[in-house]
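*Asks:* Structure in structure tokens, see below.
The values are calculated or read from the model by the stated rules, or taken from the named source; none is laboratory data. Here the structure is a predicted model, which is why all the values come from computation and not from measurement. Here the Cβ positions follow ideal geometry from the backbone for every residue, glycine too, while neighbour counts run over all protein chains shown. These area figures cover heavy atoms from the full protein model, side chains too; ligands, DNA and RNA do not enter into them. Shrake-Rupley method; radii C 1.70, N 1.55, O 1.52, S 1.80 Å.
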Amino acid sequence: MAKPFIIAIDDDDLVLSAVTRDLRRQYSESYSIVSVASGKEALATLEELLTRGDAAALILADQRMPEMTGVDVLEASLRLFPDAKRVLLTAYADTEAAIGAINRAQLDHYILKPWDPPEDRLYPILDDLLADWQASYRPPFRGIRVVADRWSREAHQLKEFLARNQVPYQAIDVEEGEEGRILLEAVGAAFYELPVVVLEDGSHLVRPSPSELAEKVGMRAHAELPSYDLAIVGGGPAGLASAVYGASEGLSTVLIESDAPGGQAGQSARIENYLGFPVGLSGADLARRAVTQARRFGAELLVPLSVSEVTRNDPFRILKLSDGSEISCKALVVATGVQYRLLPADGADRLAGAGLFYGASAVEANIYQGHEVAIIGAGNSAGQSAVYLSGFARKVTMLVKGPSLDEYMSRYLIDRITGIENIEVRYQVDARAIHGTDRVEGITIGGPADDETLPVSAVFVFIGQAPRTEWLGDVVQRDEQGFILTGNDCRVDTWPLTRARLPLETSVPGIFAAGDVRSGSIKRVASATGEGAMAVRFVHEHLASL
């Protein structure tokens with residue numbers, strides 16, 4: 001298989017020679033390095049790569065070139081290789097142009113000249129960008145294939161599970177072309193058995209559950225040890241932060257996640273207000289980076305697996321897992337987050353997964369390209385999804401119960417939505433009914449005027465959050481909505497230890513709560529990450545007191 005290409009562009013021979021030398025020294029084993037001396041030559045090279053079916057991973061252009069500036073070249077390259085990473089080489093005086101190119105040319109980074117030493121000022125930046133590119137790069141496909149009707153709710157569940165766990169797959173619609181029919185015949189499967197998952201070795205699964213599929217693709221769902229210093233339930237930002245800090249500080253650490261790392265944040269198309277990422281990052285990228293960190297430090301991640309019961313055997317906490325096994329831990333962090341509340345509209349239950357979705361991901365965006373869709377909700381998650389889906393759907397209609405977005409949505413998102421032509425916001429309306437036989441075909445809304453039915457193909461729901469705490473039973477104190485009480489918010493009870501209850505500690509010593517599942521928490525990705533890290537500090541204090 002041909003290597004992906006890295007293209008370096010600079011009209012200064014000495015600079016071009018230096019950057020080419022540094023690129024080859026670091027990346028020549030995995031990438032083909034091409035250097036060109038002008039913007040026009042660069043675009044001609046990119047056009048040639050495109051016609052040959054090659055991939056461009058990274059385009060690095062100098063800003064000050066005759067005929068075409070670096071920004072002009074990078075902007076023109078968007079039509080040829082929209083997924084390539086783009087880097088601008090600049091002098092200090094050109095930083096304003098670089099910042100302006102973030103949106104215009106979808107610039108991923110700019111690097112000031114000179115970049116010596118490259119080990120500090122070049123390679124770390126490019127390593128990160130190339131890792132991101134590789135995460136979404138799809139060479140000629142030889143992996144898992146999901147054969148199904150595109151509207152199948154069972155197939156959607158499998159595709160979403162694979163996508164959220166960042167397992168590459170190809171979706172093959174049996175209603176389009178002959179590929180699906182031929183593949184089914186080759187593996188000996190029938191149409192009535194759909195969805196069928198064809199694995200890389202040629203074997204296949206008929207209507208598998210996510211856990212069965214996980215086992216086949218090599219995901220770990222069995223604990224290696226009988227006991228751990230720290231167990232974490234929930235793999236959202238709070239849980240992943242606890243795993244990173246717990247493992248990095250020498251605690252034997254296990255994280256248990258029932259679906260996919262990232263939690264609700266993992267479904268966000270673009271998080272633009274996360275510190276340190278001026279062009280934003282997707283929830284999937286955040287989850288991937290955190291999982292890599294946690295594993296590098298030695299944390300054990302069990303996916304998909306859930307906890308069905310927690311019991312006390314002081315000083316240990318015993319976790320009964322969904323596969324029937326048990327593990328014990330000296331400290332437990334509950335970071336199970338929240339789930340979207342169900343839509344109380346006629347037809348919603350029947351069409352869930354068949355056009356009605358709680359949250360939104362790339363799986364749905366691809367399915368509904370060119371269709372009209374509706375989003376119910378007014379928070380940041382709804383806004384991020386509206387912006388993302390507007391790049392695929394013909395029209396996105398946001399249905400907002402209140403008179404404005406100001407109370408629930410960040411200003412930067414409101415401004416983005418206002419500037420996108422194919423997003424319409426309807427205020428003071430709610431969903432009355434979802435229509436369709438096998439899939440969503442419309443939604444009836446009500447408001448100040450008469451009821452109205454919109455001809456949409458999908459409905460995405462973001463109408464509030466409920467904590468994932470049913471599995472805890474009465475083990476720890478919770479508030480009226482089910483969120484876990486911690487610290488001084490716990491009701492007066494008999495505290496069995498001589499030390500005071502720690503911040504983020506629940507009514508039970510050694511059990512902590514972090515992130516959205518905690519009563520009174522700030523529902524933001526950054527605050528959940530911070531609480532997950534803080535919880536480990538208090539875990540150390542608890543362990544020292546045993």
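*Asks:* Looking only at the range 262-275, decide whether some residue is farther than 30 Å from residue 462 by Cα and either in contact with a Cys (Cβ under 6 Å, 6 or more places away or on another chain) or polar (S, T, N, Q) (or both).
*Replies:* No, the range 262-275 contains no residue that is farther than 30 Å from residue 462 by Cα and either in contact with a Cys (Cβ under 6 Å, 6 or more places away or on another chain) or polar (S, T, N, Q) (or both).
*Asks:* Return the residue satisfying two criteria in turn: it lies in the range 209-227 and is farther than 16 Å from residue 324 by Cα and touching a helix residue (DSSP H, G or I) at 6+ places or on another chain (Cβ under 7 Å), and of such residues it is modelled with the highest pLDDT.
*Replies:* The residue in question is 213.
*Asks:* Which strands (runs of 3 or more DSSP E) sit wholly inside the range 431-544 and have at least 2 residues that are open to solvent by 30 Å² or more (accessible area, probe 1.4 Å) and either within 19 Å of residue 357 (Cβ to Cβ) or modelled with pLDDT of 95 or more (or both)?
*Replies:* none
*Asks:* Give the residue, chosen from 246, 262, 250, 283, that is at pLDDT 85 or above and within 21 Å of residue 162 (Cβ to Cβ).
*Replies:* Being at pLDDT 85 or above and within 21 Å of residue 162 (Cβ to Cβ) holds for just one of 246, 262, 250, 283, which is 262.
*Asks:* Then there's this: When both residues are 6+ apart or on different chains and their Cβ atoms are under 7 Å apart, which pairs have a first residue that lies in the range 320-332 and is closer than 15 Å to residue 257 by Cα and of a type outside the set (D, E, K, R), and a second that is assigned to a loop (DSSP other than H, G, I, E, B) and open to solvent by 60 Å² or more (accessible area, probe 1.4 Å)?
*Replies:* 327/226
*Asks:* Please go through the range 336-367 and give me each residue that is open to solvent by less than 20 Å² (accessible area, probe 1.4 Å) and among the aromatic types (Phe, Trp, Tyr), ordered by number.
*Replies:* 357
*Asks:* Condition check: under 23 Å from residue 464 (Cα atoms), aliphatic (A, V, I, L, M) and within 32 Å of the chain's Cα centre (by Cα). Does residue 504 satisfy that?
*Replies:* So residue 504 fails the test.
*Asks:* Tell me, please, whether a residue that is of a type outside the set (A, V, I, L, M), in a helix (DSSP H, G or I), out of contact with any helix residue (DSSP H, G or I) (no Cβ under 6 Å at 6 or more places or on another chain) and surrounded by fewer than 17 Cβ atoms within 10 Å (Cβ to Cβ) can be found in the range 296-308.
*Replies:* Yes; the residues of the range 296-308 include at least one that is of a type outside the set (A, V, I, L, M), in a helix (DSSP H, G or I), out of contact with any helix residue (DSSP H, G or I) (no Cβ under 6 Å at 6 or more places or on another chain) and surrounded by fewer than 17 Cβ atoms within 10 Å (Cβ to Cβ).
*Asks:* Find all pairs meeting these conditions: Cβ atoms under 7 angstrom apart; at least six residues apart or on different chains; first residue within the range 20-47 and farther than 13 Å from residue 59 by Cβ and charged (D, E, K, R); second residue at pLDDT below 95 and open to solvent by 30 Å² or more (accessible area, probe 1.4 Å).
*Replies:* 40/67; 40/68
*Asks:* Test residue 282 against the stated conditions and say whether it is surrounded by fewer than 22 Cβ atoms within 10 Å (Cβ to Cβ), in contact with a Lys or Arg (Cβ under 9 Å, 6 or more places away or on another chain) and hydroxyl-bearing (Ser, Thr, Tyr).
*Replies:* no
*Asks:* Quickly run through the range 303-321 and pick out the residues that are β-branched (Val, Ile, Thr) and touching a Leu at 6+ places or on another chain (Cβ under 7 Å).
*Replies:* Listed by number, the residues that qualify are 307, 310.
*Asks:* Just wondering, is there one or more residues in the range 368-389 that are open to solvent by less than 20 Å² (accessible area, probe 1.4 Å) and more than 28 Å from residue 349 (Cβ to Cβ)?
*Replies:* no
*Asks:* Now for a separate question. Which pairs have Cβ atoms under 6 Å, sit 6 or more apart or on different chains, and link a residue in the range 217-233 that is within 19 Å of residue 333 (Cα to Cα) to one that is of a type in the set (Lys, Arg) and part of a strand (DSSP E or B)?
*Replies:* If the second residue must be of a type in the set (Lys, Arg) and part of a strand (DSSP E or B), the pairs left are 229/330.
*Asks:* For the range 316-341, which positions are more than 14 Å from residue 512 (Cα to Cα) and in contact with a His (Cβ under 8 Å, 6 or more places away or on another chain)?
*Replies:* 323, 325
*Asks:* Provide a single number: the residues in the range 462-490 that are in contact with a helix residue (DSSP H, G or I) (Cβ under 8 Å, 6 or more places away or on another chain) and among the hydrophobic types (A, V, I, L, M, F, W, C).
*Replies:* Total satisfying the criteria: 3.
*Asks:* Also: Tally the residues that are in contact with a helix residue (DSSP H, G or I) (Cβ under 9 Å, 6 or more places away or on another chain) and more than 19 Å from residue 442 (Cα to Cα), restricting the search to the range 386-402.
*Replies:* 3
*Asks:* Please verify whether residue 425 is open to solvent by less than 50 Å² (accessible area, probe 1.4 Å), without any contact (Cβ under 8 Å) to a residue 60 or more places away in the chain and either at positive phi or part of a strand (DSSP E or B) (or both), treating the condition exactly as stated.
*Replies:* yes
*Asks:* Note down all Cβ pairs under 6 Å where the first residue falls in the range 376-389 and is within 16 Å of residue 415 (Cβ to Cβ), the second is of a type outside the set (A, V, I, L, M) and assigned to a helix (DSSP H, G or I), and they're at least six residues apart or on different chains.
*Replies:* Partner pairs satisfying both residue conditions: 387/416.
*Asks:* Evaluate the range 362-384: report whether one residue or more is acidic (Asp, Glu) and touching a Lys or Arg at 6+ places or on another chain (Cβ under 9 Å).
*Replies:* yes
*Asks:* When you go through 11, 54 one by one, which is the residue that is at pLDDT 90 or above, charged (D, E, K, R) and more than 16 Å from residue 126 (Cβ to Cβ)?
*Replies:* Selected residue: 11, the only one of 11, 54 that is at pLDDT 90 or above, charged (D, E, K, R) and more than 16 Å from residue 126 (Cβ to Cβ).
*Asks:* Starting from residues that are under 34 Å from the mean Cα position of the chain (by Cα) and not in a strand (DSSP E or B), keep the ones in the range 1-19 and report whichever is surrounded by the fewest Cβ atoms within 10 Å (Cβ to Cβ).
*Replies:* 1
*Asks:* Let me ask something additional. Tell me, which residue of the range 309-326 that is in contact with a Lys or Arg (Cβ under 9 Å, 6 or more places away or on another chain) and not charged (D, E, K, R) is least open to solvent (accessible area, probe 1.4 Å)?
*Replies:* 310
*Asks:* Would you mind stating whether residue 404 is among the hydroxyl-bearing types (Ser, Thr, Tyr) and either free of Cβ contacts under 8 Å to residues at least 40 places away in the same chain or surrounded by fewer than 22 Cβ atoms within 10 Å (Cβ to Cβ) (or both)?
*Replies:* So residue 404 fits the description; yes.
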